[in-house]
């Protein structure tokens, strides 16, 4: 990860980082790591959105390896970064496109406002730069802005965009797009979807229909189901993973909006709770602001370690 991106990631994690770094500096200027100190540290981790389970796991390791030692805040930060990275390392997996599938079908899901459409555009540009040919499907047919946004990314990347009139059948669009992608030997098909969680029954029906019609042509499709999460929602992201995992077989996560007032500790909570691959993180609007997720860089950014 380039230094510039790491610095922006650190900036983006400010809300979580400030809670932790300020608390650590106050509590651990030079202090024995006793029961009281460990309780305080656990509270700091939970307040930074890591969640009780991940915080408990980290504290148990601190108790095992460092109990009774005198520590400084910097030593605690470095040790925390290592423990957090150990939780994150198994899920730090880039999304690999299988060029043999032609197309590798990627269904992108998530509630409205998480950055699904922008994520699809950024992925399309990255794939194009890797020599892959993408087709984009404007499957969020209830939001004209989403269709227009995808068309802008299509013109920017030179990728075809399959769209229809307002409230068109998203499954029908996906079917037509897959037909075209197969005929043209396209490498990757990126399908945008609606995210109206207030009407969960209708959303479940729509996603199930999209998958059903895709499988008429390719029984193995979709090959990847990406859930896009907004980091600023904190613990609400845990519920979103649960809901979408019930609706559809989520294969990996993309975490957006780590620029500004993000609550990045939630990524640790998600890794601990679900173990789903975190394919990428986003720190801004530009195409280059979506990067593969790297466990140690993220952990260091989260705890404010150098």
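The values are calculated or read from the model by the stated rules, or taken from the named source; none is laboratory data. Quick caveat, the model's predicted, so the values are computed rather than measured. Counting neighbours? That spans all protein chains shown, and the Cβs are built from the backbone with ideal geometry, glycine included.
Go through region 250-277 residue by residue and tally those that are in a loop (DSSP other than H, G, I, E, B), closer than 22 Å to residue 120 by Cβ and touching a helix residue (DSSP H, G or I) at 6+ places or on another chain (Cβ under 9 Å).
8
Can you tell me which residues in region 285-300 are within 16 Å of residue 229 (Cβ to Cβ) and part of a loop (DSSP other than H, G, I, E, B)?
Scanning region 285-300 gives a single hit, 293.
Examine region 70-88 for a residue that is without any contact (Cβ under 8 Å) to a residue 40 or more places away in the chain, more than 27 Å from residue 265 (Cα to Cα) and surrounded by fewer than 24 Cβ atoms within 10 Å (Cβ to Cβ), and state whether such a residue exists.
The answer is no, given that none of the residues of region 70-88 is without any contact (Cβ under 8 Å) to a residue 40 or more places away in the chain, more than 27 Å from residue 265 (Cα to Cα) and surrounded by fewer than 24 Cβ atoms within 10 Å (Cβ to Cβ).
When you look at residue 225, is it at pLDDT 90 or above, surrounded by 19 or more Cβ atoms within 10 Å (Cβ to Cβ) and in the same structural domain as residue 152 (by TED's automatic domain parsing), yes or no?
So residue 225 passes the test.
If you take the residues of region 147-169 that are in contact with a strand residue (DSSP E or B) (Cβ under 9 Å, 6 or more places away or on another chain) and in a helix (DSSP H, G or I), which of them is surrounded by the most Cβ atoms within 10 Å (Cβ to Cβ)?
150
Quick test of your reading of the structure: residue 201 fulfils all but one of (1) buried (at least 21 other Cβ atoms within 10 Å of the Cβ); (2) modelled with pLDDT under 95. Name the failing condition by number.
Residue 201 satisfies all of (1) buried (at least 21 other Cβ atoms within 10 Å of the Cβ); (2) modelled with pLDDT under 95 except (1).
Residues that are modelled with pLDDT of 95 or more, in a helix (DSSP H, G or I), crowded, with 22+ Cβ neighbours inside 10 Å and within 24 Å of the chain's Cα centre (by Cα): does region 125-144 have at least one?
Checking region 125-144: not a single residue is modelled with pLDDT of 95 or more, in a helix (DSSP H, G or I), crowded, with 22+ Cβ neighbours inside 10 Å and within 24 Å of the chain's Cα centre (by Cα).
When region 18-35 is examined, which residues are found to be buried (at least 16 other Cβ atoms within 10 Å of the Cβ) and assigned to a helix (DSSP H, G or I)?
If the condition is that a residue be buried (at least 16 other Cβ atoms within 10 Å of the Cβ) and assigned to a helix (DSSP H, G or I), then 19, 20, 21, 23, 24, 27 are the ones that fit.
Quick one: which residue in 181, 194, 174, 202 is touching a residue at least 24 places away in the same chain (Cβ under 8 Å), part of a helix (DSSP H, G or I) and closer than 24 Å to residue 113 by Cβ?
Exactly one of 181, 194, 174, 202 is touching a residue at least 24 places away in the same chain (Cβ under 8 Å), part of a helix (DSSP H, G or I) and closer than 24 Å to residue 113 by Cβ, namely 174.
Which of the residues belonging to region 90-124 are assigned to a helix (DSSP H, G or I), closer than 19 Å to residue 289 by Cα and out of contact with any helix residue (DSSP H, G or I) (no Cβ under 6 Å at 6 or more places or on another chain)?
116, 118, 119, 120, 123
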